[in-house]
Amino acid sequence: MSEQEFGEIPIEVVGLPRDDVESRKAELKFQRAAQSLGRIHNDILEARAIVKTSTLEKDRKRYEVQALIKLPKEQFDFTEEGWSVEQVFEKIGEKVKRLMTKPRDKPSHHRHPSRKEMESARFAE
């Protein structure tokens, strides 16, 4: 695959200041994570991150990031928060990378029958 195909993924980060170096690094981390997922899922429709900033006492900023990656048949939502926008996007990147290692056809959670189901199956015989 060439770099041109990765450029076709619409990647959008909303809510970050454009002149901040840390914000630019965070945006690049999200772009790289989405592009690496695009190598496996080459049908990504959209990758979007919305950053909400809250200023607390002593000029500290708390960041809450909601990321969405849309595929034709499914979508992935991630939410992270922290004091550094770069670290928050690093955590989201780790979650996106976990999607690449998870088997697609295997369920992530096996449901065990409830006590009621087990009792009714035992007495039905």
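The values are calculated or read from the model by the stated rules, or taken from the named source; none is laboratory data. Since the structure is predicted, the reported quantities are computational estimates derived from the model, not experimental observations. All Cβ positions, glycine included, derive from the backbone under ideal geometry; neighbour counts span all protein chains shown. Accessible surface areas use protein heavy atoms only, side chains included; no ligands, DNA or RNA. Shrake-Rupley method; radii C 1.70, N 1.55, O 1.52, S 1.80 Å.
Some observations on this one:
- Rounded accessible area of K97 (nearest 10 Å², 1.4 Å probe): 110 Å²
- Using the 1.4 Å probe convention, the accessible area of the chain works out to 74 Å² per residue with neighbouring protein chains retained.
- Protein-only accessible surface order, largest first, of L45, L37, L16 at 1.4 Å: L45, L16, L37
- Structure-based [θ]222 nm, the chain - -39500 (n - 2.57) summed over DSSP H runs of at least 4, per residue, nearest 500: -13000 deg cm²/dmol
- C-alpha long axis of helix 115-124 to longest principal axis of the chain, angle in °: 20 degrees
- Accessible surface, 1.4 Å probe, highest first, among residues R39, R62: R39, R62
- Result for the chain in a Gaussian network model with C-alpha springs under 10 Å: among R48, R32, R60, the largest mean-square fluctuation is at R60.
- Dipole magnitude for the chain: about 440 debye, using +1 per Lys or Arg Cβ and -1 per Asp or Glu Cβ, origin at the Cα centre.
- Between helix 21-40 and the chain there is an angle of about 40 degrees, using the helix long axis and the longest principal axis of the Cα atoms.
- Counted over the chain, the DSSP beta bridges are approximately 80% antiparallel.
- Two-decimal ratio, the chain, of alpha-carbon radius of gyration to 2.2 N^0.38 Å: 1.43
- Rolled with a 1.4 Å probe across the full set of protein chains, the surface gives E12 an accessible area near 90 Å².
- In segment 7-106, a dipole from Cβ-located charges (positive for Lys and Arg, negative for Asp and Glu) runs towards its positive end, and of P17, S84, A33 it is A33 whose Cα lies farthest in that direction.
- Whole-percent carbon and sulfur share, accessible surface of the chain, 1.4 Å: 47 percent
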